[in-house]
1. Please go through the stretch 1-22 and pick out each residue that is among the small types (Gly, Ala, Ser) and farther than 20 Å from SER86 by Cα.
2. Do you know which residues across the stretch 191-209 are within 18 Å of the chain's Cα centre (by Cα), hydroxyl-bearing (Ser, Thr, Tyr) and farther than 21 Å from GLY29 by Cα?
3. Mind telling me which of the residues ASP70, ASP80 ends up being modelled with pLDDT of 95 or more and more than 21 Å from GLN189 (Cα to Cα)?
4. Looking at (1) in a helix (DSSP H, G or I); (2) surrounded by fewer than 24 Cβ atoms within 10 Å (Cβ to Cβ), which one does ALA99 not meet, given that it meets all the others?
5. Only residues in the stretch 23-50 that are surrounded by fewer than 19 Cβ atoms within 10 Å (Cβ to Cβ) count as the first member; pair them with residues that are part of a helix (DSSP H, G or I), Cβ under 6 angstrom, at least 6 apart or cross-chain, and list the lot.
6. Taking the stretch 19-56, which residues are touching a strand residue (DSSP E or B) at 6+ places or on another chain (Cβ under 7 Å) and more than 15 Å from GLY95 (Cβ to Cβ)?
7. For a quick check of your reading of the model, give me the residue pairs whose first member lies in the stretch 240-253 and is surrounded by 24 or more Cβ atoms within 10 Å (Cβ to Cβ), whose second is at pLDDT 95 or above and β-branched (Val, Ile, Thr), with beta-carbon atoms closer than 7 Å and at least 6 apart or on different chains.
8. Does at least one position in the stretch 128-139 carry a residue that is closer than 22 Å to GLN34 by Cβ and assigned to a strand (DSSP E or B)?
Amino acid sequence: MPTVAANGIEIYHELHGEGPRLLFVNGSGATLEQTGMMLAPYAQRFEVLAFDQRGLGRTSIPAGPYEMADYAADAAALLDAVGWDSCRVTGTSFGGMVAQEFAVTFPDRVERLALVCTSPGGDFASYPLHTLADLPPEEAAKVAPQLLDTRFTPEWLATHDDDRAVAEMVGAMRGAEKPDAVRRGELAQLDARSRLDVLDRLHHITCPTLVASGRFDGIAPPRNGEEIAVRVPGADLRLYEGGHLFMMQDPQAMPDILDFLAADNEGEGP
């Protein structure tokens, strides 16, 4: 398996595609085994480095607690291990949180940055997903769809087949049985996520930055993206029709994200 010893753990990673170098950082609980469809558009235009974050997939599940700084350090150590001094970076949801922490800590290593459906923490934190486990199952089942998209009421889903399929897919993934070690890693990630706060450090980001939000996102509301954009010098803020998975709902979203990341040197080497 393509693993490297980095930052005290074994990090599973994959390289896909050709083109400018791009680090892809996944969302909460997501593993590479689950995200092939999401990676495919990037691999058509970039050399994509993607990895299972600590506590997830085929990467080590070290003892917690984890901090956001640990995730950023993991990414930096992985870049060192594969020989990348710098690259473009995109992060989705929790991955966008890691990408922010990485970019404020290692600004010289980020050439372009796309922050997708994410939050900066502090007064503009994402929905506290760790609290879902404390809800009765029937209440959690009711809340979860409207976190994905605030329009996802039972009435809406009854008449929107594509949206219902998305909600059911995510619900099935959330409710799947998992080994205790896997669940421990996921909970440690959610715990770290709850303590993110980069608001006062976002001005350290020096690269061109795109902040992309979904108009109906119940996890990372548009206001959170706005707060990132006003703090990152020169950031480009874009709002799309959809919720937390607007990349699958608004056909313009992925082309915009890809074009932004590819700007200036598409087709050239890294």
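1. Answer for the stretch 1-22, where residues must be among the small types (Gly, Ala, Ser) and farther than 20 Å from SER86 by Cα: just GLY8.
2. Correct list: THR209 only.
3. Testing whether each residue is modelled with pLDDT of 95 or more and more than 21 Å from GLN189 (Cα to Cα) leaves just ASP80.
4. Condition (2) is where ALA99 drops out.
5. Between residues of the stretch 23-50 that are surrounded by fewer than 19 Cβ atoms within 10 Å (Cβ to Cβ) and residues that are part of a helix (DSSP H, G or I), the close pairs are PRO41/MET254; ARG45/LEU258; ARG45/ALA262.
6. GLY19, PRO20, ARG21, ALA43, PHE46, GLU47
7. GLY243/THR150; HIS244/ILE219
8. no
The values are calculated or read from the model by the stated rules, or taken from the named source; none is laboratory data. Given the structure is predicted, the values throughout are model-derived calculations rather than measurements. Note: ideal-geometry Cβ built from the backbone for every residue, glycine included; neighbour counts use all protein chains shown.
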